[in-house]
1. Would the range E:169-178 turn up any residue that is part of a helix (DSSP H, G or I) and more than 11 Å from chain A (Cβ to nearest Cβ)?
2. Within the range B:170-186, does at least one residue satisfy the condition of being of a type in the set (Val, Ile, Thr) and within 27 Å of F:Asn91 (Cβ to Cβ)?
3. Spot the failing condition for E:Gly128; the list is (1) more than 25 Å from C:Arg36 (Cβ to Cβ); (2) in contact with a strand residue (DSSP E or B) (Cβ under 9 Å, 6 or more places away or on another chain); (3) more than 11 Å from chain F (Cβ to nearest Cβ); (4) not polar (S, T, N, Q), and only one is missed.
4. Kindly provide the set of residues from the range F:151-163 that are of a type outside the set (Gly, Ala, Ser) and open to solvent by 10 Å² or more (accessible area, probe 1.4 Å), ordered by number.
5. If E:Ala144 satisfies all but one of (1) within 15 Å of the chain's Cα centre (by Cα); (2) facing another protein chain (nearest Cβ under 10 Å), what's the number of the condition it fails?
6. Is it fair to say C:Ile82 is among the β-branched types (Val, Ile, Thr), in contact (Cβ under 8 Å) with a residue 60 or more places away in the chain, within 26 Å of E:Ile88 (Cβ to Cβ) and at the interface with another protein chain (Cβ under 8 Å from one of its Cβ atoms)?
7. Name, by its number, the condition in (1) part of a loop (DSSP other than H, G, I, E, B); (2) without any contact (Cβ under 8 Å) to a residue 60 or more places away in the chain; (3) not aliphatic (A, V, I, L, M) that does not hold for C:Pro162.
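The values are calculated or read from the model by the stated rules, or taken from the named source; none is laboratory data. All figures in this text were calculated on a predicted structure; none of them were measured in a lab. Quick reminder, even Gly has a Cβ in these numbers, built from the backbone with ideal geometry, and neighbours come from all protein chains shown. Calculation scope for accessible area: heavy atoms of the full protein, side chains included, ligands and nucleic acids excluded. Shrake-Rupley method; radii C 1.70, N 1.55, O 1.52, S 1.80 Å.
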Protein chains: 6
Amino acid sequence: MYELGVVYRNIQRTDAGTADALARFGSATVHEAMGRVGLMKPYMRPIYAGAQVSGTAVTVLLQPGDNWMLHVAAEQIRPGDIVVAACITDNTDGFFGDLLATSFMARGARALVIDAGVRDVKTLGEMGFPVWSRAISSKGTVKATLGSVNIPVVCAGALVNPGDVVVADDDGVVCVPRAMAGKALEAATAREANEADKRARLASGVLGLDMYKMREPLEKAGLRYID
Amino acid sequence: MYELGVVYRNIQRTDAGTADALARFGSATVHEAMGRVGLMKPYMRPIYAGAQVSGTAVTVLLQPGDNWMLHVAAEQIRPGDIVVAACITDNTDGFFGDLLATSFMARGARALVIDAGVRDVKTLGEMGFPVWSRAISSKGTVKATLGSVNIPVVCAGALVNPGDVVVADDDGVVCVPRAMAGKALEAATAREANEADKRARLASGVLGLDMYKMREPLEKAGLRYID
Amino acid sequence: MYELGVVYRNIQRTDAGTADALARFGSATVHEAMGRVGLMKPYMRPIYAGAQVSGTAVTVLLQPGDNWMLHVAAEQIRPGDIVVAACITDNTDGFFGDLLATSFMARGARALVIDAGVRDVKTLGEMGFPVWSRAISSKGTVKATLGSVNIPVVCAGALVNPGDVVVADDDGVVCVPRAMAGKALEAATAREANEADKRARLASGVLGLDMYKMREPLEKAGLRYID
Amino acid sequence: MYELGVVYRNIQRTDAGTADALARFGSATVHEAMGRVGLMKPYMRPIYAGAQVSGTAVTVLLQPGDNWMLHVAAEQIRPGDIVVAACITDNTDGFFGDLLATSFMARGARALVIDAGVRDVKTLGEMGFPVWSRAISSKGTVKATLGSVNIPVVCAGALVNPGDVVVADDDGVVCVPRAMAGKALEAATAREANEADKRARLASGVLGLDMYKMREPLEKAGLRYID
Amino acid sequence: MYELGVVYRNIQRTDAGTADALARFGSATVHEAMGRVGLMKPYMRPIYAGAQVSGTAVTVLLQPGDNWMLHVAAEQIRPGDIVVAACITDNTDGFFGDLLATSFMARGARALVIDAGVRDVKTLGEMGFPVWSRAISSKGTVKATLGSVNIPVVCAGALVNPGDVVVADDDGVVCVPRAMAGKALEAATAREANEADKRARLASGVLGLDMYKMREPLEKAGLRYID
Amino acid sequence: MYELGVVYRNIQRTDAGTADALARFGSATVHEAMGRVGLMKPYMRPIYAGAQVSGTAVTVLLQPGDNWMLHVAAEQIRPGDIVVAACITDNTDGFFGDLLATSFMARGARALVIDAGVRDVKTLGEMGFPVWSRAISSKGTVKATLGSVNIPVVCAGALVNPGDVVVADDDGVVCVPRAMAGKALEAATAREANEADKRARLASGVLGLDMYKMREPLEKAGLRYID
C-alpha cells in the first residue's frame, strides 16, 4: 500500500562495497545465492545488450502517463545509485529519455530500472546509460499528479525498499534487501567458485546425472529407460 | 524478497469489526478512501459474479505447479480469514479445487485470492466459496517444493502482509494494511454518505461539470468549445 | 492524428430512425452487411451478457488514468447517443462508474464503449446501463489533462467519427459510418431475410457444402477425400 | 506437421459407451486420471457457463480468417462427435456462428472446441450448443484456402487425433487418446469414489496435512514453524 | 470503416522536402512537436537497431494470412515512399520477405511499417531495408482475398492517410498528417534547438526541478519532503 | 497426450546428410517447401541474432519450474542433435544456463529450442551455443518431478517427434518430420534455385504483379483502380 506525495530524503543505503561487489555475479547467480527469490518478472528487458550493473536503489512511484516524480527523484540520487521506478497502474509510455538520463548521470546514477516505457534508446546506448524497462515508446508524458520517492515499491512483481541493492544484466533484474546483502555476497562468491570446477568437468564430458548424483533419486521417482 | 520454507503461526490480524465492516463498500470505494492505492492488477477476476467480501489475510507463497503450501496454509486459517496466494513465478495451473475449498470453508475461510489458476469452478460456485484468480485451469499440481505461509507477499502487483484486510468484489481486489484499516473505514463511510447525494443530483440532470465545478479549471487548462 | 483540448458541439448525427433500426441485427450481421469491415478488436467485451444496442456516437479522447473528458462529454450527450471513448495510450484504469452512468443515463445515453477500464460493474448491471470495455478495474482516475470530445477517434482499432452509428452486442462492437448507415440497414435487412431460410434448410440436414455449392470449388482447389 | 487439402472419411472413433461415460467426471478429474496430461491451454473458455460434455473428435485444420473447412467437416460429423478445430496460425476471427451450429446439431455434434473465435454467442446459448474457444468475435471469414479434416491437429497446445475423446467443462478441455480411453474411465471412476470420502473428512475439519500424511515430508523438506 | 477491393492511384503526397526533413528529429521529437499525438502502439518494433527514416505513406489494407495487396502496392510506390500496411484482423504471419523487399527497393521505397509479421529478417538487414513490425515469423501467406491500397488505414492504433509522413526509429513510429507536416517540421526544429541547451545545463548538474521551475507547482500539489 | 517418467534411448534419427543439408535454406524456405506447415509459434526467438542451424531432435517434456529432465536428456544427445524442450504448462523460468550448455556442447548438441525461459544468455552468446526460447529469465528451477525424454512433444504449437529435423534461424523454428525430410530437402533446393532468378528480375524493376501473373486473377476478384 503506497503513501502518495512524499519524498524520503534520508534513506539507509546498503554499504557501497557490498553493493558494488555484487555486480560481477549477475542476476542469476545472486538470485540463486539468496535462495531463488527477489527477481523481477522477465518482461523487464535491457534496452541494449551487455550491460551488467549493481547499485543502491532510489525508488520512485509514478502515475500513469506522468513522469513528474522522475524529476523529483533526480535530486535524491547519489553516486552509485540505481533508480527503480514503479507505476501505479500498467503503462508503457516513454517516461524517460536522453535529457533525464543526462541529469541522472550528472548525479551519479548507474542505471534505471522502470516498470514502464522509455525513449531515445539509441542515444541512451551512445551515452552508455543502461535501462531495464517493460517497453520502448516515443510517447511523451505530463507532469500533473504526485507519486512518491523513496517509499517501498513493487516493481515488476518484486518488492524494492530504498537502499536495497539492485543487480541487473542481460538475464534480468534482482533486488537484494539491504539486510541480506552481505550474506548474498558471500553466498554468490561461494557459488561462483564452485561453478568453475563444475564447468570444467561438464566440458570434459562428465554428465550432470553423475556429477549431481541424480541417478538414484530419478530411479526412486520412477524414471524408466526404454530401449 | 521472500523467506522460503517458513510458516508464521502467530500473525496480528486486523480487528474483526473493522475487517468485516469494509466489505459493504466494495473495492473501488475502499481504494479511493485510501487515496487510490492498494489495488491488485485487473487480471484478477472472480470465478462467479456477485460475491463481495472482506476478511483478514492469511498469505501463501507458492512454487509454480505446486500447491503444497495451500495445505499448510489451511491449518493457519481462522474464521473470517481470506487466503491470499502468490506464486514465485507466473503460472496458471489449477492449484485449488473443491476439496481444498471444503477444507478452507471448514476452517472458516471466506474466500481465496490467488495469482494463479483454480479449477472445479462450477462446484465452487455451488458451494458459494468465492475465488478471485488470474486463470481457470484443470491442470493439477504436485506437492514437492516448499514455499511459505504468512510472510509478506506480492500478489498481482500488491504487497499483502498477513493480517491485512482484503476487500474483493466484481471490480477487483484491494488490500488495506492493518495500520490503515480504521482510517480507511472512516474515509469509506464518509465517501459513501457523500455519494448518495451526488447520485440524486446527477440523476436529476445536474452535470458533473457543474457539480464538481470543473468549468473554470477546464477553461484554464485551455479547453475550447467549437460550434 | 488527434486534435487535443477541443469539444465539437455541433455534430451531424446519423438519422435516428436508421441508427435505431440497426440494433436488432447485431454486430456480426451489420459488419457482414458492410462488407466485413468496421469492427473493434475482440478484446472489447460487455460487462454483462445479453445487451444489444445501437446509437449515434459521441466520441471522447482520454489521457491515461484521467477521466476528465468523460465529464465534458456528458454535456454533449443527446437521447439515443452511445459514448465511444478512446485512450491516447493503452490503460486499464476504471474511468467510469455508477455516478457517471447516472449522469449519462439522465442525458439519454444508451451505452458506453470504452477502450479502457470501468468499475462498479455490479451496480451498472442493476441500473441496466450496458458497457463494452477492455477491462474491469477498481482503479480511480485523476482530472488533470485535456483530451477532446467529438473528434474522430481510433477506438480498439476502429475509426469512429462523431455521429456514426455504433452497434454492440455479446459478439462485439461495430461502427457504421454515417454516410453508409442507410445502405448498411438495407443490406442487413436483406441478409437477415436470407438467413431464416438457410437456417431451416440446415436444420433439416441439408449441408452447407450443397446449399452454398462448395463441392466444385473445393474440388478445383484440390481437396482430396481419403477413405 | 500438417497434411493439407485432405479429408479422412473413415476414422476410428473411441467406443461410444466409453466416450459418453467420461463426460460426468469433468476435465480436471479425467486429466488427473490420465496422469496429469492431455489438457488444452487455459485460454480456451466456454461461451456460456455450466456445459459439461464428452464425445469423439472430428478434427479440422483451418487457415487464418477462412472457415471453409468447417463446412467440409460438417459432412463428416456423426452423432456423438465433438468438432475440434485448430488454426494454422493464431487468429481470433469468428469462424463459427448460429448457421453452422444449426448444421452441426442436425448432424449430431455435441459441441465445438476451436482455437480461434466464434460469434452469435447469444443465439448459440439459446440453442444450447456449447463451444469452447479462444475468443468471441463478430469478424466474418472467407472461403478460399484449403485446410484439412480428420488429420491429427495441435489444438491449444494439445495433440488431438480424430476419434480421440474430448471432455470439456467450465474448467477447460482435455483430450483422451482412443487407446487410453478405457483406462482413463476406470481411473476416473476410482478417483471419484475416493473423492466423496475425502470431501466428508475435510468438511468435518480434518486437515489435508493429516489426511494426506504431509507433515513428515514437509518436515523433511525443511519446513519451519515460527511462533 | 474500410473500402475493400480498391486501389487509389493518385494520392497527394506531402511535399518531399518536408517529408525528408522530418527524419532527423526521430519519432519522439516529432510526436512532441505535434502535441503528443500520432504514435503507433509500442509493440511495433524495428527488425534491426539504428535505422531512422521518414517518407510519404503508401497505405495497404491486408487480409489475415494473405499478402496479395503488398504486390499490388508495389506498383504504387514512388521514390521516397514508406509502405504502411494494416491487417483487417490481428495476424502475425510473415507477409513480407527479401523478394518483396527487392521489389520495393527497386521502386524507391525507404521502409515498410506493417502491423503483422515479416520474415527473412537477416537478409533484410543485409540489404539495409528497414522494417517496423509487430512480429517476425517464417509463416508464409496466400494470395486469395482482396484488401485495398491507398485508403485511410488504422495501423497499430494510428490513423494513416495515403500521403501522410511517417517517421520511424528505434523508439517507434509516428504518423504526421499531410496538412500538419509543415508545422510539425517547424515545431520539431524549434524544440531541438531548445534541447541542446537543456542538455548542457543538466549535464552541468542543474536539476530539472530548477530548470523547469517545478518546485512551486510540486509544493502546491502537496508534495512533502521527509528527513 | 504425454507419457510421463520415460526415456526412450533408441530413437530413429533422420539421416545426417539430409538433416545437415537443410540448415542453409532457413526456416522460411523449408516451411514453404513442406507446403506451409511445421512452424513453431513466432514467440520463439533466438537469444542472439544470426545463428542458423539444423539438426535431429532429442525431445524433452518438462514440468513447470523444474529442469530435471534436461539433465536426463543430456545423456541421450549425439553429435548433430538439437534438443527440443516443451513444458507441460506455460512457464518462463530459466531452465537452462551456461553449465547445461557446456554439457550439451560436450555431447555434440548444436542448439536448444525450448518453450520456456533460459538464462546466462551473454555467456551462451560468447560460447556460441544458439538457443530459441519464449523468454529470458534469471529464475532458477528445482529438480523434483519427472517429465520424459524422447517422446513426441508439442513445442510452441508444433508437434515434434524424436529424430525429426529442426531448422532454426532469425525468422523462427520449423520441424520437418523424418519421413518428409528427403522431399523437403528436394523441394527447398528447387525453390531456392528459383528465387535467385526472381530476385534479379524484381531488382531490375519487374513487378510481382507481372512476374507472378496476378493482374488477371486480381481483376477477376473485382479489384478496381481509381484515378
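1. Looking for residues that are part of a helix (DSSP H, G or I) and more than 11 Å from chain A (Cβ to nearest Cβ), one finds at least one in the range E:169-178, hence yes.
2. yes
3. Condition not satisfied by E:Gly128: (2).
4. F:Pro152, F:Val154, F:Leu159, F:Asn161, F:Pro162
5. Every listed condition holds for E:Ala144 apart from (1).
6. Criteria not met by C:Ile82.
7. (2)
For every residue, the table says whether it meets (1) closer than 30 Å to A:Trp68 by Cα; (2) more than 10 Å from every other protein chain (Cβ to nearest Cβ).
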position: C:Thr123; (1), (2): no, no
position: C:Arg134; (1), (2): yes, no
position: C:Ser137; (1), (2): yes, no
position: C:Asn150; (1), (2): yes, no
position: C:Val166; (1), (2): no, yes
